[in-house]
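*Asks:* Take this structure, written in structure tokens, and hold onto it; I'll ask about it next.
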Amino acid sequence: MLKVTDLNVHYGAIHALQGVSFNLQEGEIVTLIGANGAGKSTLLNTISGLLPAVKGKVEYLDEDITNLEPQKIVRKGIVQVPEGRKIFAAMSVMENLEMGAFTVTDKKLIADKVEEMFAKFPILGKRSKQLGGTLSGGEQQMLAIARGLMASPKLLLLDEPSMGLSPVLVEQIFDTIQSINNSGTSVILVEQNAQMALVIAHRAYVLETGKIVLEGDAQEVLQNPMVIEAYLGVS
Amino acid sequence: MNKKLVSPSLKRGLTFGIVMIIFVLIDLDVMVATMLSKLFGANVIRGSLPDVGFMVLFLILFGMFVGWSTSSDDAKPTTKLFQALVAGLTLGVVLGLFDLILNQLIVTGTDVRKYLAALAPESIRLFLFDQGAISPLLHLGLFTVASLLGSLMKILLKSESASRFFKGVKSGYQGLQAKAQANTPNWVKKYGKFLLFLLIGLLAFFLPRIWGSYNNYVVGLVGLYVILGIGLNIIVGLSGQLMLGFAAFFAMGAYSVALLNAPLPHGIMLGFWPSLLIGILMAVVAAVLLGLPVMGMRGDYLAIVTLGFGEIIRILLKSDLLTSFTGGPRGIQDIRGPTLFGQSFSSDIDYTYIILVVMVLSIFIYKRLERSRTGRAWLAVKEDTKVAQATGVNIMTNKLLALCLGAAFAGLAGGIFAARNQFTGPNDHQLMVSMNILSILIVGGVNSIPGIILGAFTLKGLPEILREIENYRLLVFGGLLVVMMISRPEGLWPATRPNIEKDEGNKLKEDGAPGKGGLND
């Protein structure tokens with residue numbers, strides 16, 4: 001479904017991605033794990049068009065989408081949920097959701113989608129008229145994910161959805177991701193919480209300073225001694 | 001009584017004494033007295049002085065304010081009175097000493113206008129109530145009594161029985177309101193809004209014919225600034241781009257109409273309406289030319305660049321290089337007004353009509369824009385550019401669109417402005433114009449139409465009506481802005497967004513158990 005080949009991205013003076021190649025099959029959850037500054041978020045931002053690639057190719061459904069404008073990529077069905085619960089704080093929950101469906105023009109479809117999100121995240125329904133900024137951290141993350149789903153993406157890019165959340169909430173978020181995947185959306189999941197990510201993912205890539213150093217089935221990666229030592233902590 | 005109680009009151013009296021001295025030195029006291037006398041309907045001719053009674057009234061009000069503010073909220077009544085007494089006495093002594101100096105000036109016949117342009121002997125005499133040597137004592141007595149009065153007022157109004165009384169009045173009023181609402185017949189409810197608009201429409205039709213050209217001029221000016229405010233609000237308030245050179249677009253509209261519809265320097269005489277249209281287009285073209293290179297900038301940088309742009313346009317209009325084309329520093333005179341169905345439509349009444357109609361139209365367009373998909377996109381861009389992009393908003397197009405639409409409003413207002421004045425020159429398009437429009441938004445309330453109207457009235461209408469303020473305009477302006485920012489940081493009439501409830505209490509309650517009822521459990 002998505003095929004990235006030899007991607008090179010500069011972030012200011014930093015050569016953030018140095019020839020990254022990876023792929024994703026339809027219906028998969030692929031997780032990218034790695035330490036801070038490994039280039040995970042850069043990779044997501046490049047796929048969604050927020051950062052330009054200097055070399056390499058991003059292909060999506062056999063179409064070259066490298067360096068396409070972000071709004072065009074959204075229309076093609078790739079939606080990113082940015083890192084750090086970035087919701088529109090001065091908009092109500094409802095308006096945030098409607099904003100997620102910005103590329104959708106069919107009002108009926110938007111209303112249906114909102115209903116669907118309220119069914120999936122009942123707390124958002126209860127808070128629909130509240131300003132996004134007044135929600136709690138967990139609620140904001142749910143809103144960010146729900147907003148991403150509003151455009152009915154075929155591929156969802158999640159950037160550290162568990163960041164700064166309590167363990168109970170983290171578990172709920174990962175349950176949600178799994179259920180989103182079960183209903184047919186492919187997911188690229190960038191995570192620091194490697195343990196949880198590897199449990200729900202099908203396949204995994206390990207990034208280190210802009211290069212992919214390990215790839216394989218999630219279960220395999222979970223067993224890999226290097227990963228255990230570097231990302232899971234020796235237990 | 002202990003020192004802790006005396007010293008703050010003493011300081012307060014001293015501070016207000018100095019404030020009053022400054023007021024006297026810049027003649028502000030006479031101006032306020034004049035305004036007070038106008039409030040009571042006295043007709044004061046420009047340049048002459050108000051009745052001495054109004055000066056007394058002003059000083060009493062001043063003293064009462066000192067007494068009110070000196071009495072601490074949580075003190076006992078006797079303490080309050082004592083504090084006010086100390087402050088009032090201090091104030092009186094300070095001004096009494098000052099009076100001695102002033103009196104000496106009068107006696108020796110010194111004219112200080114060489115050093116303090118505003119301080120005429122007549123003003124000093126008015127401040128001294130024309131009583132010469134005993135005026136220090138009069139002031140001392142007046143301020144002490146007034147301060148005590150202020151304190152007494154605070155004690156009475158803030159007492160429990162008084163607050164109970166106010167509560168009673170409030171609930172009674174609400175009851176009456178509810179009753180009235182229940183008793184209004186259905187047709188009033190149904191057509192009430194329509195009737196109200198009809199009434200306003202009728203007023204807008206007949207008032208300009210009745211109230212004379214001066215009021216038409218003031219209303220027209222306020223109306224033009226409302227249009228300008230709406231335009232700038234699209235750029236600053238809706239799409240979040242801080243723009244400081246807005247007058248440049250205003251100039252585009254004004255000069256287009258001037259160049260195309262005045263006998264000199266080109267004599268094209270295209271007619272007002274086509275010129276106005278071209279003026280709007282020119283403003284939009286300018287916006288595109290400015291917008292394309294600077295779209296990537298944000299915040300302070302954008303403000304600086306747009307500021308420069310505004311100045312470039314003004315200096316170009318004024319430059320020797322373009323004198324043959326734009327008329328140079330002398331500007332363009334004799335701009336012809338509009339015609340309607342072959343009839344001249346350019347009396348002051350007609351201009352008021354035009355401006356009011358354009359203003360209503362602008363408000364309508366603005367309201368539609370605000371609630372549109374584009375309006376939502378602007379809000380998103382303003383809040384978080386990255387996330388807006390991630391939801392599929394085209395940043396460049398939307399920002400540029402906001403700039404162009406705002407510029408179009410400015411071009412429109414500029415065109416009407418030039419034709420109404422029958423003149424435009426570089427001085428009509430100074431940086432101060434841009435600042436004024438931005439101030440209207442800040443004082444009135446960003447993203448709020450009633451706020452913009454109120455702001456335009458406060459900053460452009462009031463100074464016209466209260467001509468006495470003129471010399472103190474910047475002082476009052478600055479003071480007003482400072483007070484506003486402290487007491488009403490969101491503007492006089494802040495924007496309210498429908499469909500939003502502030503449910504803080506509820507939120508706090510459930511925050512203890514995060515995730516409860518959340519997700520698909």
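The values are calculated or read from the model by the stated rules, or taken from the named source; none is laboratory data. Quick caveat: nothing in here was measured; it's all calculated off a predicted structure. We place every Cβ from the backbone using ideal geometry, glycine too, and count neighbours over all the protein chains shown.
*Asks:* For segment B:324-362, give me each residue that is within 25 Å of B:Val446 (Cα to Cα) and either without any contact (Cβ under 8 Å) to a residue 40 or more places away in the chain or surrounded by fewer than 17 Cβ atoms within 10 Å (Cβ to Cβ) (or both).
*Replies:* Listed by number, the residues that qualify are B:Val357, B:Val360, B:Leu361.
*Asks:* Same structure again: Which pairs turn up if I take residues in segment A:138-165 that are free of Cβ contacts under 8 Å to residues at least 12 places away in the same chain and look for partners that are outside any helix (DSSP H, G or I) with beta carbon separation below 8 Å, at least 6 apart in sequence or on another chain?
*Replies:* Once the first residue is free of Cβ contacts under 8 Å to residues at least 12 places away in the same chain and sits in segment A:138-165, no partner that is outside any helix (DSSP H, G or I) comes close enough.
*Asks:* Would you mind finding the one in B:Ser151, B:Ser147 that is in a helix (DSSP H, G or I), assigned by TED's automatic domain parsing to the domain that holds B:Leu14, touching a Lys or Arg at 6+ places or on another chain (Cβ under 7 Å) and not hydrophobic (A, V, I, L, M, F, W, C)?
*Replies:* Going through B:Ser151, B:Ser147 in turn, just one is in a helix (DSSP H, G or I), assigned by TED's automatic domain parsing to the domain that holds B:Leu14, touching a Lys or Arg at 6+ places or on another chain (Cβ under 7 Å) and not hydrophobic (A, V, I, L, M, F, W, C): B:Ser151.
*Asks:* Would segment B:99-113 turn up any residue that is buried (at least 16 other Cβ atoms within 10 Å of the Cβ), assigned to a helix (DSSP H, G or I) and within 34 Å of the chain's Cα centre (by Cα)?
*Replies:* no
*Asks:* Which count do you get for residues in segment A:94-132 that are at the interface with another protein chain (Cβ under 8 Å from one of its Cβ atoms), more than 19 Å from A:Ile173 (Cα to Cα) and either in contact (Cβ under 8 Å) with a residue 60 or more places away in the chain or not in a helix (DSSP H, G or I) (or both)?
*Replies:* 5
*Asks:* Across segment A:70-79, what is the total count of residues that are more than 8 Å from every other protein chain (Cβ to nearest Cβ) and of a type outside the set (A, V, I, L, M, F, W, C)?
*Replies:* 3
*Asks:* Condition (residue is crowded, with 21+ Cβ neighbours inside 10 Å and under 20 Å from A:Gly49 (Cα atoms)) applied to segment A:124-140: is it met by at least one residue?
*Replies:* No, segment A:124-140 has no match at all.
*Asks:* Quick one: in segment B:366-377, which of the residues that are without any contact (Cβ under 8 Å) to a residue 60 or more places away in the chain and out of contact with any helix residue (DSSP H, G or I) (no Cβ under 6 Å at 6 or more places or on another chain) is farthest from the other protein chains (Cβ to nearest Cβ)?
*Replies:* Only one residue tops the list, namely B:Arg368.
*Asks:* Additional query: Quick check: is even one residue across segment B:118-139 within 30 Å of B:Asp73 (Cα to Cα) and small (Gly, Ala, Ser)?
*Replies:* Taking every residue of segment B:118-139 in turn, none turns out to be within 30 Å of B:Asp73 (Cα to Cα) and small (Gly, Ala, Ser).
*Asks:* OK, next. I'm told A:Ala204 meets every condition in (1) crowded, with 17+ Cβ neighbours inside 10 Å; (2) part of a loop (DSSP other than H, G, I, E, B) except one. Can you identify the failing condition by its number?
*Replies:* (2)
To keep it simple, each residue is scored yes or no on (1) in contact with a helix residue (DSSP H, G or I) (Cβ under 6 Å, 6 or more places away or on another chain); (2) modelled with pLDDT of 95 or more.
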site: B:Ser347; (1), (2): no, no
site: B:Tyr353; (1), (2): no, no
site: B:Leu379; (1), (2): no, no
site: B:Asp384; (1), (2): no, no
site: B:Gln389; (1), (2): yes, no
site: B:Met396; (1), (2): no, no
site: B:Phe409; (1), (2): yes, yes
site: B:Ala413; (1), (2): yes, yes
site: B:Asn421; (1), (2): no, no
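*Asks:* Give me the residue from segment B:222-275 that is among the small types (Gly, Ala, Ser) and out of contact with any helix residue (DSSP H, G or I) (no Cβ under 6 Å at 6 or more places or on another chain) and, out of that set, nearest to B:Glu311 (Cα to Cα).
*Replies:* In the first step, residues of segment B:222-275 are kept if they are among the small types (Gly, Ala, Ser); the result is B:223, B:229, B:231, B:237, B:239-240, B:245, B:247-248, B:251, B:253-254, B:256, B:258, B:262, B:267, B:271, B:275.
From what's left, out of contact with any helix residue (DSSP H, G or I) (no Cβ under 6 Å at 6 or more places or on another chain): B:237, B:262, B:267, B:271.
Details: B:Gly237: 22, B:Ala262: 25, B:Gly267: 27, B:Gly271: 29 Å.
Of everything passing the filter in segment B:222-275, B:Gly237 is nearest to B:Glu311 (Cα to Cα).
*Asks:* Looking at segment A:50-64, can you tell me whether even one residue there is among the aliphatic types (A, V, I, L, M), part of a helix (DSSP H, G or I) and either out of contact with any Phe, Trp or Tyr (no Cβ under 9 Å at 6 or more places or on another chain) or surrounded by 19 or more Cβ atoms within 10 Å (Cβ to Cβ) (or both)?
*Replies:* Within segment A:50-64, not a single residue is among the aliphatic types (A, V, I, L, M), part of a helix (DSSP H, G or I) and either out of contact with any Phe, Trp or Tyr (no Cβ under 9 Å at 6 or more places or on another chain) or surrounded by 19 or more Cβ atoms within 10 Å (Cβ to Cβ) (or both).
One line per residue, one yes/no per condition, for (1) touching a residue at least 24 places away in the same chain (Cβ under 8 Å); (2) of a type in the set (D, E, K, R); (3) touching a Phe, Trp or Tyr at 6+ places or on another chain (Cβ under 9 Å); (4) crowded, with 20+ Cβ neighbours inside 10 Å:
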position: B:Gly201; (1), (2), (3), (4): no, no, no, no
position: B:Leu207; (1), (2), (3), (4): no, no, no, no
position: B:Val219; (1), (2), (3), (4): yes, no, yes, yes
position: B:Phe249; (1), (2), (3), (4): yes, no, yes, yes
position: B:Pro263; (1), (2), (3), (4): yes, no, no, no
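*Asks:* Same structure, new question: Is it the case that B:Leu454 is surrounded by fewer than 22 Cβ atoms within 10 Å (Cβ to Cβ), at pLDDT below 95, in contact with an Asp or Glu (Cβ under 7 Å, 6 or more places away or on another chain) and of a type outside the set (Gly, Ala, Ser)?
*Replies:* Judged against the criteria, B:Leu454 is not a match.
*Asks:* Okay, next question. How do the pairs read when you match residues in segment B:19-34 that are among the small types (Gly, Ala, Ser) with residues anywhere that are at pLDDT 85 or above, using Cβ under 7 Å and keeping only pairs 6 or more apart or on different chains?
*Replies:* Correct list of pairs: B:Ala33/B:Phe54; B:Ala33/B:Met55; B:Ala33/B:Phe58.
*Asks:* Also, I was wondering about something else. Modelled with pLDDT of 90 or more, small (Gly, Ala, Ser) and surrounded by fewer than 21 Cβ atoms within 10 Å (Cβ to Cβ), is that true of A:Ser166?
*Replies:* On the way: modelled with pLDDT of 90 or more: no; small (Gly, Ala, Ser): yes; surrounded by fewer than 21 Cβ atoms within 10 Å (Cβ to Cβ): yes.
For A:Ser166, the condition - modelled with pLDDT of 90 or more, small (Gly, Ala, Ser) and surrounded by fewer than 21 Cβ atoms within 10 Å (Cβ to Cβ) - is not met.
*Asks:* For segment A:80-90, name all the residues that are crowded, with 23+ Cβ neighbours inside 10 Å and within 7 Å of another protein chain (Cβ to nearest Cβ).
*Replies:* Hits for segment A:80-90 are A:Gln80, A:Pro82, A:Phe88.
*Asks:* Using the structure shown, decide if A:Ser21 is of a type in the set (Gly, Ala, Ser) and part of a strand (DSSP E or B).
*Replies:* Values: of a type in the set (Gly, Ala, Ser): yes; part of a strand (DSSP E or B): yes.
For A:Ser21, the condition - of a type in the set (Gly, Ala, Ser) and part of a strand (DSSP E or B) - is met.
*Asks:* Here is a follow-up. Taking helices (runs of 4 or more DSSP H) that fall entirely within segment B:372-462, which contain at least 1 residues that are farther than 24 Å from B:Asn215 by Cα?
*Replies:* B:373-383, B:385-390, B:395-421, B:431-444
*Asks:* Which count do you get for residues in segment B:33-80 that are assigned to a helix (DSSP H, G or I) and closer than 21 Å to B:Thr144 by Cβ?
*Replies:* Taking segment B:33-80 as the starting set, the residues that turn out to be assigned to a helix (DSSP H, G or I) are B:33-39, B:52-70, B:77-80.
Remaining after also requiring closer than 21 Å to B:Thr144 by Cβ: B:33, B:52-70, B:77-80.
Residues that pass the stated criteria total 24.
*Asks:* Which of the residues spanning segment A:133-152 are over 17 Å from A:Ile173 (Cβ atoms) and at the interface with another protein chain (Cβ under 8 Å from one of its Cβ atoms)?
*Replies:* The answer is A:Thr134, A:Ala151.
*Asks:* Here's a check for you: in segment B:132-187, which residue that is touching a helix residue (DSSP H, G or I) at 6+ places or on another chain (Cβ under 7 Å) and free of Cβ contacts under 8 Å to residues at least 12 places away in the same chain is nearest to B:Thr108 (Cα to Cα)?
*Replies:* B:Leu156
*Asks:* Related question: With B:Leu81, B:Leu105 as the choices, which residue is out of contact with any Asp or Glu (no Cβ under 7 Å at 6 or more places or on another chain), touching a residue at least 24 places away in the same chain (Cβ under 8 Å) and of a type in the set (A, V, I, L, M, F, W, C)?
*Replies:* Being out of contact with any Asp or Glu (no Cβ under 7 Å at 6 or more places or on another chain), touching a residue at least 24 places away in the same chain (Cβ under 8 Å) and of a type in the set (A, V, I, L, M, F, W, C) holds for just one of B:Leu81, B:Leu105, which is B:Leu81.
*Asks:* Before we move on, is B:Val393 surrounded by 18 or more Cβ atoms within 10 Å (Cβ to Cβ), without any contact (Cβ under 8 Å) to a residue 12 or more places away in the chain and either under 28 Å from the mean Cα position of the chain (by Cα) or closer than 30 Å to A:Ile47 by Cβ (or both)?
*Replies:* Working: surrounded by 18 or more Cβ atoms within 10 Å (Cβ to Cβ): yes; without any contact (Cβ under 8 Å) to a residue 12 or more places away in the chain: no; either under 28 Å from the mean Cα position of the chain (by Cα) or closer than 30 Å to A:Ile47 by Cβ (or both): yes.
Spelling it out, it is not the case that B:Val393 is surrounded by 18 or more Cβ atoms within 10 Å (Cβ to Cβ), without any contact (Cβ under 8 Å) to a residue 12 or more places away in the chain and either under 28 Å from the mean Cα position of the chain (by Cα) or closer than 30 Å to A:Ile47 by Cβ (or both).
*Asks:* To continue, here is another question. Among the residues of segment B:197-220, are any within 28 Å of B:Glu370 (Cα to Cα) and among the charged types (D, E, K, R)?
*Replies:* no
*Asks:* Within 26 Å of the chain's Cα centre (by Cα), in contact (Cβ under 8 Å) with a residue 60 or more places away in the chain and not in a helix (DSSP H, G or I) - does that describe any residue in segment B:222-239? Break it down into steps so the answer makes sense when it comes.
*Replies:* Of segment B:222-239, the ones within 26 Å of the chain's Cα centre (by Cα) are B:222-239.
Now narrow it down to the ones that are in contact (Cβ under 8 Å) with a residue 60 or more places away in the chain: B:222-239.
If we keep only those that are not in a helix (DSSP H, G or I) as well, we get B:239.
Yes, some residue in segment B:222-239 is within 26 Å of the chain's Cα centre (by Cα), in contact (Cβ under 8 Å) with a residue 60 or more places away in the chain and not in a helix (DSSP H, G or I).
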